[in-house]
Amino acid sequence: MEDLVVELGERSYPIIIKKGLIDEVNLEIQKVFKGKKIFILTDKNVGSHYGDRIKSCLINSGYEVKLMELEPGEETKAFSTLPLIYNELLDFKITRSDLIITLGGGVIGDLGGFVASTFLRGVDFVQMPTSLLAQVDSSVGGKVAVDLERGKNLVGSFYHPKLVLIDPNVLETLSERFFRDGMAEVIKYGCIKDKEFFYFLKNMKNKEEVMHNIEKIIHRCCFIKKCVVENDEKDTGERMLLNFGHTLGHAIETYYNFKKFTHGEAVAIGMYEISKIAENKGLTDQGVSEQIKDILMQYNLPYEVEIEESSEILDTIALDKKNIDNVLKVVLLKGIGESYLEKTNVEFFS
Ligand SMILES: NC(=O)c1ccc[n+]([C@@H]2O[C@H](COP(=O)([O-])OP(=O)(O)OC[C@H]3O[C@@H](n4cnc5c(N)ncnc54)[C@H](O)[C@@H]3O)[C@@H](O)[C@H]2O)c1
């Protein structure tokens, strides 16, 4: 599979997607890192499968390596976790010429990336995403963040990795639910930018066929994401299209206190529901929402939810950080593969 490069001038970096990469990370790391110490941040699930394997691979190449394993889950992406990690980095005597590797899903990538961007005013880091969501989305584009008690991703920065290393084989140990979760984001790319890719996904018969084509699928998603990021690094225009389904999805996640639905499941519902609303308003071609519903069902993703207190959903949308002076930019589809930003307000959803 041809390597991708996120072209951002001096901050450009490659994305390497290859089955079996995990056992030859040393070869790729050597190309971008000339220092001695490597700090690997992971969570206990991912660490138990791959932590020692990667550590040994790097130690055998002469690096001094420390592995830190955190509790899995969004709770770990808290501002309050930061001092624990900074202290480990200090104990290991990491300097600005050393390296941090984030090995895990989006939680570890976002948290570890934020640590890398702030510790000693910036240490180089490499993303090794292991969940499908992280492989197709969060590891590319340089958004790093932690959560505050009052909301997700409220403290963060744009800080790009030196390299993204994606081994699709690690998805074999990912739970079914998180695999489906990532598929919602994969489907999103087809919806917003690539009709052919949407139908390619629609023609998959089962998970086996998806896994057989997984390198190609991840490659396509990363290609779309990197093109969008190159055009709009700081998320003021085109990059917002990546939020298709997210305004409503976010409100649904919040309504259920992040317990009932995963992020991908909530986005799946958001993509269908917003397309249905937009179809009724004549802003999306007829039949689009039905096609989205069909593909979501095919991948065992939800597409609707009964909400008793819909006014609470509207209140949450009103508080969305993208709602500025009651102007809300929502992402709509004209047709499959064709997305645009529509300036509206919260009443759009009522
Ligand atoms: N930075 C961005 O651009 C961006 C984009 C989208 C989402 N995000 C963030 O990503 C986070 C969600 O990421 P996520 O869904 O990957 O969650 P996650 O990191 O919690 O991973 C999901 C679960 O899968 C486990 N896991 C991951 N890889 C595994 C593997 N190969 N084998 C076995 N278990 C594995 C993890 O331990 C965890 O329990 C959120 O915090 C969200 O805000 C960031």
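The relative contact order of the chain comes to 15 percent, based on Cα pairs under 8 Å that sit 6 or more residues apart.
Cross-link reach is defined here as a Cα-Cα straight distance under 24 Å, omitting same-chain residues fewer than 8 places apart; for Lys55 the lysines meeting it are Lys18, Lys19, Lys31, Lys34, Lys36, Lys37, Lys44, Lys66, Lys77, Lys93, Lys162. Split the chain at each of the GluC sites (Glu not before Pro) in a DSSP loop with at most 13 other beta carbon atoms within 10 Å, and the longest piece is 150-303.
The GNM of the chain, with springs linking C-alpha atoms under 10 angstrom apart, assigns the highest mean-square fluctuation among Cys222, Cys57, Cys191 to Cys57. Charge dipole (Cα centre; +1 on Lys/Arg Cβ, -1 on Asp/Glu Cβ; no other charges) of the stretch 124-261 amounts to roughly 340 debye. Near the amide H of Phe33, within less than 5 Å, lie no amide hydrogens of residues on another chain or at least 5 residues away, with H placed in the peptide plane.
Mind checking which of Asp167, Asp235, Asp325 has the largest fluctuation in a GNM of the chain, springs on alpha carbons under 10 Å? Between Asp167, Asp235, Asp325, it is Asp325 that shows the largest mean-square fluctuation. In the chain, helical runs assigned H by DSSP with n ≥ 4 each contribute -39500 (n - 2.57); averaged across all residues and rounded to the nearest 500, the mean residue ellipticity at 222 nm is -12000 deg cm²/dmol. Qualifying trypsin sites (Lys or Arg not before Pro) in the stretch 120-189, where qualification requires a DSSP coil assignment and no more than 10 other C-beta atoms within 10 Å, comprise Arg150. Between the alpha-carbon centres of the stretch 240-258 and the stretch 48-100 there is a gap of 31 Å. When the charge dipole of the stretch 65-127 is built from unit charges on Cβ atoms (+1 for Lys and Arg, -1 for Asp and Glu) and taken about the Cα centre, the candidate among Leu120, Ile100, Leu82 whose Cα reaches farthest toward its positive end is Leu120. Between Ile54, Ile336, Tyr255, the Cα set farthest toward the positive side of the dipole of the chain (charges on each charged residue's Cβ, about the Cα centre) is that of Ile54.
What the Cα convex hull of the chain gives, in volume per residue, is 126 Å³.
The charge dipole of the chain, taken about its Cα centre with unit charges on the Cβ atoms of Lys, Arg (+1), Asp and Glu (-1) only, comes to about 940 debye. For the stretch 340-346, backbone phi angles converted through the Karplus equation (6.51, -1.76, 1.60; θ = phi - 60°) give residue-by-residue couplings of 8, 9, 10, 7, 8, 9, 4 Hz, Gly and Pro being listed as x.
Can you give the % of DSSP beta bridges in the chain that are antiparallel, to the nearest 5? Antiparallel: roughly 40 percent of the beta bridges in the chain. When the chain is treated as a GNM with alpha-carbon contacts under 10 Å, the residue of Lys202, Lys281, Lys225 showing the greatest mean-square fluctuation is Lys281. Two tests apply to each whole DSSP H helix in the chain, Cα reach of 24 Å or more along its axis and mean Kyte-Doolittle hydropathy of at least -0.5, and the ones passing both are 176-193, 214-231, 263-280.
Computed from the coordinates by the stated procedures, all read-outs in this text should not be read as laboratory data. Model, not experiment: these values are computed from the prediction. Note that each Cβ is placed from the backbone with ideal geometry, even for glycine, and that neighbours are counted across all protein chains shown.
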